[in-house]
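Structure record follows, encoded as structure tokens.
The values are calculated or read from the model by the stated rules, or taken from the named source; none is laboratory data. Bear in mind that the values here come from a model prediction, so they are computed numbers and not experimental data. Every residue, glycine as well, gets a Cβ built from its backbone with ideal geometry; the counts of neighbours run over all protein chains shown.
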């Protein structure tokens, strides 16, 4: 039976802030063997983008906008391009996102669809500790996941861990290999806006409250401005890539 997406938006001009912060999307995904109900909070759609409907493509395959979801493998995938960023704070930004100039990749999605895709593979923000500020010295916590980047090059398809995208010219090394965490981003206390959509930040490594996915690695003190796209990968601005995010088992 096909998946059904139901949106319930609480309207009322006298209570816009409450509506923006508490609008609820209920997603009911029907498969041949199970019925699964996922509930996610989202801000009211911005003038730039709005959440897409959930489409069922197969027994274990869904699509939200340009984000493909494999519920059996617990992974999402989305295409994008390499940016011309000179200094990095983020792995990936939304298409046309404000922070694309500090991101290695620009993905063909908005933050609503990207976040919803992660919820549909079982990630839960209630288990997260979100950074309180940009460059928060505290390490973010959340459901663990791994991130892979693929692209075509002479000789065949190449696949790397996202950590290899970032090269620190001071430390002469890439990010330490290991899991990332789902933090889900936050809603603005001022106007209820979804920060990941406002900033266009999907995956970061500098402990930012706006990111949907962040790095649990400690920040390297005194090295701001030294993180660049790994020159050893020979990635050029505009090259097509695909990002795969896969949920990992949680520690018990």
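Residue 222 meets each of the listed conditions (1) at pLDDT below 95; (2) within 14 Å of residue 104 (Cα to Cα) apart from (2). Scanning the range 93-115 for residues that are over 14 Å from residue 246 (Cα atoms) and assigned to a helix (DSSP H, G or I) yields 98, 99, 100, 101, 102, 111, 112, 113. Residue count for the range 206-243 under the criterion of being more than 21 Å from the chain's Cα centre (by Cα) and on the phi > 0 side of the Ramachandran plot: the result is 3.
Summed over the range 150-172, residues that are under 15 Å from residue 226 (Cα atoms) and over 26 Å from the mean Cα position of the chain (by Cα) total 3. With respect to the stated conditions, residue 181 fails to be surrounded by 15 or more Cβ atoms within 10 Å (Cβ to Cβ), out of contact with any helix residue (DSSP H, G or I) (no Cβ under 6 Å at 6 or more places or on another chain) and in a loop (DSSP other than H, G, I, E, B). Considering only residues in the range 48-65 that are in contact with a helix residue (DSSP H, G or I) (Cβ under 7 Å, 6 or more places away or on another chain) and modelled with pLDDT of 95 or more, the one that is farthest from residue 249 (Cα to Cα) turns out to be 65.
Condition first: part of a loop (DSSP other than H, G, I, E, B), without any contact (Cβ under 8 Å) to a residue 24 or more places away in the chain and over 24 Å from residue 85 (Cβ atoms). Can you find one or more residues in the range 155-175 that meet it? So far as the range 155-175 goes, yes, one or more of its residues are part of a loop (DSSP other than H, G, I, E, B), without any contact (Cβ under 8 Å) to a residue 24 or more places away in the chain and over 24 Å from residue 85 (Cβ atoms).
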